[in-house]
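The values are calculated or read from the model by the stated rules, or taken from the named source; none is laboratory data. From a predicted model like this one, the values you see are computed outputs, not experimental measurements. Methodologically, a virtual Cβ is constructed for each residue, glycine included, from the backbone with ideal geometry; neighbour enumeration extends over all protein chains shown. Calculation scope for accessible area: heavy atoms of the full protein, side chains included, ligands and nucleic acids excluded. Shrake-Rupley method; radii C 1.70, N 1.55, O 1.52, S 1.80 Å.
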Amino acid sequence: MYRQAFPMVPTVLKEIKAALFQGFNSLNQLKHIHGRLLRSGLNQNNYLLNMLLISTFKFSSPNYAERIFYQTQAPNMFLWNTMIRGLVSKDRFDQAVEFFYSMREEGFLPNNFTFPFLLKACTRLLDMELGSKLHTLVVKGGFDYDVFVKTGLVCLYAKCGGVKDAEKVFDDIPEKNVVSWTAIISGYIEFGRFREAIDIMEMARAVFDEMPEKDIVSWSSMIQGYAANGLPRDALDLFYQMHRENLRPDCYAMVGVLSACARLGALDVGEWASRLMGMNDFFSNPVMGTALIDMYAKCGKIVSAWEVFLQMKKKDLVVWNAMMSGLSMGGHVGSAFSCFAALEKNGLRPDGNTFLSLLCGCSHAGLVAEGRRYFYSMNSIYSIYPTIEHYGCMVDLLGRAGLLDEAHSLIQNMPMKANTVVWGALLSGCRLHRDTQLAEHVLKQLIELEPWNSGNYVLLSNIYSANKKWADSEKIRALMNGKGIQKVPAYSWIELDGVVHEFLVGDTTHPMSDKIYAKLGELDKKLRAAGYVPITDFVLFDVEEEEKEYVLGYHSEKLALAFGLISTRPNDVIRITKNLRVCGDCHMAFKLISKITGREIIVRDTNRFHCFIDGSCSCNDYW
DNA sequence: CTAGGGTTAG
């Protein structure tokens, strides 16, 4: 049917404008309006087209947006900017940059609105070459004064340049605002991934304390930064402070605090924090759900983790991986295997992390054959190349099972250079199976890779002593002392009423120290009566000879346990977290203590969970 | 029409 376009324009224009202002409920509705625009001859009205484009990106249809754009005869700056912004918002960074080049070919110069989008694309692409060019263009175009543009540059340098460059741009911003302040904080935090985290967080904190105005983004960035950079207690402190200042956490702050709780094993805090939000937020947002699952799993409450997992509406691969990793750590390997099968049925493809969870689960359960099968299937079925972490898991698996030669030859044949994690895994195997000869070789590798780590020297010298090679033993001691090497202290902590109590070996600084030691004395009597003898044969344990028995009695996990026993009600479960692996002597003592006291004790070490109930442990003494 | 923030594994 032929329609005369012109006379209809005023009414159609009104309708289309109304529709555009109102927004659309579906992409089809949008396409319908686009059709009307085309038929009415208004399809070259850039103002209307721009509104249409923005809506199209809202519906996640960058391809359709492109079609609209290419039908436009004379796109103006607004349209170019909207396209670039839209593509960036859909993570199509390469395409955004291509659009930028076409734009310049068409004779348009980027303006102050173009640069922030472009800089973001550039940042995400980690393309510093393009970044430098953009910086030059910014200066040439005279957009140097613009806070928005400058903040984009701060982010660029922070992510793919260096903090120094980021600082230079930041200092130069004439009128800084919350966003630019937060950008430089994020820059420090980002940098913490490569450098000494503690210093970096101190720098970030200095800026945070100094900034004139903070908003939820600044708070959650700091919280997340603490959590991710090994300072989860500071993350909690800051979260509490934010709460005291009556700022409601949003999903980013929530993810940050849950991640901190997961690292600390602080279940009560985690549950309290999660209740500050509606449960639906966790079920509908995969990132939040993952954080909650991980928190529950790492705090040993796997049932709750599973419940969250079941209720989540959209489960992406990360959600599955977190669940599987939690199951593996908790010793529920069979469930992790089932998850793996279910994941594929749900149309997802496993990635490297999926296999790390599986291999870690096999390792804890001693399932050598299954582990080998998964490991070799990575390449042959899924075309995933094992990384050094996968090799580390395999060495761990084989080493625990006593297949030390196979583990060693795996290291020698792997396509990359072994790191300390891999050698460390083999060393654990040597320790478990009392192979001092191989351990000697491993320790030499470790000393080469980390000459600052005292433990390696102590162990090697112990081995020499055990083999009566006194001169060698003495040489190693001298070498170590000459370098002024210090030990990494082991510590354990326990959470009570939202407060984290920390203990070092032989710690006497806790306010209840007297009672704790009294309790330990009482326990020791009962233990010895029950037939416990301290294990002091520790050639392959990093314990100084003369202090062995003394130290064993006051290991950090024992102090935390004694404190837990006197500070909780008789039937409460005691949850302890340790920054290193739980020691063999403590493990034996804890089993007996769980029987003597009738308590359930859960210890999370760097590696796995140990649930002590009625005299036995969930790891079956295999860890 | 603009800039800053997140999860598993390390």
Single match in A:187, A:107 (criterion: more than 29 Å from the chain's Cα centre (by Cα) and of a type in the set (Gly, Ala, Ser)): A:107
Qualifying position, being within 7 Å of DNA strand B (Cβ to nearest atom), free of Cβ contacts under 8 Å to residues at least 60 places away in the same chain and either open to solvent by less than 30 Å² (accessible area, probe 1.4 Å) or within 25 Å of residue A:291 (Cα to Cα) (or both), among A:228, A:204, A:166: A:228
Leading residue by the ranking (nearest to the chain's Cα centre (by Cα)) among those in region A:80-92 that are crowded, with 20+ Cβ neighbours inside 10 Å and not small (Gly, Ala, Ser): A:88
Scope region A:579-617; condition of a type in the set (Val, Ile, Thr) and either in a loop (DSSP other than H, G, I, E, B) or in contact with a Phe, Trp or Tyr (Cβ under 8 Å, 6 or more places away or on another chain) (or both); matching residues: A:582, A:593, A:601, A:602, A:603, A:606
Which numbered condition residue A:233 misses (of (1) in contact (Cβ under 8 Å) with a residue 40 or more places away in the chain; (2) near DNA strand B (Cβ under 10 Å from one of its atoms)): (2)
Count - residues of region A:562-589 that are touching a helix residue (DSSP H, G or I) at 6+ places or on another chain (Cβ under 7 Å) and either crowded, with 19+ Cβ neighbours inside 10 Å or not hydrophobic (A, V, I, L, M, F, W, C) (or both): 12
Selection from region A:203-242 of residues that are farther than 18 Å from residue A:500 by Cβ, more than 20 Å from the chain's Cα centre (by Cα) and part of a helix (DSSP H, G or I): A:203, A:205, A:206, A:207, A:208, A:209, A:210, A:216
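Conditions tested, residue by residue: (1) at pLDDT 95 or above; (2) more than 11 Å from DNA strand B (Cβ to nearest atom); (3) in contact with a helix residue (DSSP H, G or I) (Cβ under 8 Å, 6 or more places away or on another chain); (4) part of a loop (DSSP other than H, G, I, E, B).
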site	(1), (2), (3), (4)
A:133	yes, yes, no, no
A:138	yes, yes, yes, no
A:144	no, yes, yes, yes
A:151	yes, no, yes, no
A:154	yes, no, yes, no
A:159	no, no, yes, no
A:179	yes, no, yes, no
Count - residues of region A:31-70 that are within 16 Å of DNA strand B (Cβ to nearest atom), open to solvent by less than 20 Å² (accessible area, probe 1.4 Å) and closer than 14 Å to residue A:13 by Cβ: 3
Any hit, region A:262-274, residues being farther than 19 Å from residue A:602 by Cα and within 12 Å of DNA strand B (Cβ to nearest atom): no
Lone qualifier among A:463, A:447, A:494 - being in contact with a strand residue (DSSP E or B) (Cβ under 7 Å, 6 or more places away or on another chain) and hydrophobic (A, V, I, L, M, F, W, C): A:494
Qualifying residues in region A:373-385 (those that are within 16 Å of DNA strand B (Cβ to nearest atom) and either open to solvent by 20 Å² or more (accessible area, probe 1.4 Å) or modelled with pLDDT under 95 (or both)) - the one farthest from residue A:439 (Cα to Cα): A:382
Test result for residue A:240, more than 9 Å from DNA strand B (Cβ to nearest atom) and buried (at least 23 other Cβ atoms within 10 Å of the Cβ): no
Residues that are small (Gly, Ala, Ser) and over 14 Å from residue A:575 (Cβ atoms), drawn from region A:467-510: A:471, A:473, A:478, A:482, A:484, A:490, A:506
Checking residue A:109 against (1) outside any helix (DSSP H, G or I); (2) away from DNA strand B (no atom under 13 Å from the Cβ); (3) not β-branched (Val, Ile, Thr), the condition it does not meet: (2)
Output for region A:322-354, where each listed residue is within 16 Å of DNA strand B (Cβ to nearest atom) and on the phi > 0 side of the Ramachandran plot: A:331
Residue in region A:95-106 that is in the same structural domain as residue A:35 (by the TED database), assigned to a loop (DSSP other than H, G, I, E, B) and surrounded by 14 or more Cβ atoms within 10 Å (Cβ to Cβ) present: no
Matching residues in region A:61-75 - criterion: being of a type in the set (A, V, I, L, M) and part of a loop (DSSP other than H, G, I, E, B): A:74
Check on residue A:175, surrounded by fewer than 20 Cβ atoms within 10 Å (Cβ to Cβ) and assigned to a loop (DSSP other than H, G, I, E, B): yes
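Any residue that is over 32 Å from the mean Cα position of the chain (by Cα), open to solvent by 20 Å² or more (accessible area, probe 1.4 Å), more than 12 Å from DNA strand B (Cβ to nearest atom) and among the aliphatic types (A, V, I, L, M) - is there at least one of those in region A:118-125?
Taking every residue of region A:118-125 in turn, none turns out to be over 32 Å from the mean Cα position of the chain (by Cα), open to solvent by 20 Å² or more (accessible area, probe 1.4 Å), more than 12 Å from DNA strand B (Cβ to nearest atom) and among the aliphatic types (A, V, I, L, M).
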Filter pass, residue A:303 being of a type in the set (Val, Ile, Thr), open to solvent by 70 Å² or more (accessible area, probe 1.4 Å) and within 17 Å of residue A:220 (Cα to Cα): no
Residues being acidic (Asp, Glu) and within 15 Å of DNA strand B (Cβ to nearest atom) - total across region A:87-106: 1
Residue match in region A:547-556 (condition: over 30 Å from the mean Cα position of the chain (by Cα), at pLDDT 90 or above, surrounded by fewer than 17 Cβ atoms within 10 Å (Cβ to Cβ) and not aliphatic (A, V, I, L, M)): no
Matching option when the condition is closer than 30 Å to residue A:419 by Cα, out of contact with any Gly (no Cβ under 9 Å at 6 or more places or on another chain), open to solvent by 60 Å² or more (accessible area, probe 1.4 Å) and not charged (D, E, K, R), among A:464, A:491, A:457: A:491
Flag for residue A:114 being without any contact (Cβ under 8 Å) to a residue 40 or more places away in the chain, closer than 30 Å to residue A:167 by Cα and of a type in the set (Val, Ile, Thr): yes
